[in-house]
1. Order the peptides 88-100, 38-50, 204-216 from the highest to the lowest mean number of other Cβ atoms within 10 Å of their residues.
2. To the nearest µm²/s, what D does Stokes-Einstein give for the stretch 45-88 at 37 °C and 0.692 mPa s, using the Kirkwood radius over alpha carbon pairs as Rh?
3. Which trypsin sites (Lys or Arg not before Pro) in the stretch 180-229 pass both tests, a DSSP loop state and at most 14 other beta-carbon atoms within 10 Å?
Amino acid sequence: MKLPFDAKGLADKAMSSLPEFSLPSLGSDVEIPVYVIHNSADAEDYFFLFNFETFVDGSKSGMFVRPKLRLWAGRDDFDRTIFARHFRQAFAEEFDRMRAELGAKKSGWGWLGWDLGIDIAGHAITNLTAYFVILIATGTGKALSSLIGLPSWMKARSAEAKLEGQVDDLKTRVDTALERIEVTLHRDLYLHAYKGREGGPVSGLDFDAWPLPGHLKAHIEDKTSGSWW
């Protein structure tokens, strides 16, 4: 497969950047609530609403926060493999859109400004920071340097194979982590998911959960994944 850019040149540039590679220092845990909104009686028919507000506020204040995903849903009988892939794609799109709109490369913004030290915009290896955030936020990214084999990331194979292989491996690790993520049933989302029908099991329902924020309720009918802060 021929890549639409100079893979060798990108590999060389990455190699020269690796000695300076560093992750944001991790400080306080900050939740990123994610809401799974079902559109119909089909367990696989849903979209995501991401609440990045607290995470963004923490990053703006100079804290290199440790993201922690909190997943709320109205039902949890959906296919976890399909869910993981859809979640990864939607989260990456929203996270990168958020960073772009906020001016991601501002100093002191932690994850909002962190990247690999190379210009990957427009290339086939986008969304990497978002993937790392997911791994940290699911508690599976404690040794991130091992995930991409630093400092031997670009050794052993051709540049094209290394780039594609490493990114594919990272996606697989993210999907595996997301397949195992804990899902908490929220009463408001439960009522929405089973609107007009007999409800499903309530064993995972958190009856003490706060009602959904007003701004979130306003977007439930949009049927489009997104984030508001």
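Nothing in this text is a laboratory measurement; each read-out follows from the coordinates by a stated rule. If you're wondering where the values come from, they're calculated on a predicted model, not measured in any experiment. Using ideal geometry, Cβ is built from the backbone for each residue, glycine included, and neighbour counts are taken over all protein chains shown.
1. 88-100, 38-50, 204-216
2. Translational diffusion coefficient: 260 µm²/s.
3. R180, K195, R197, K223
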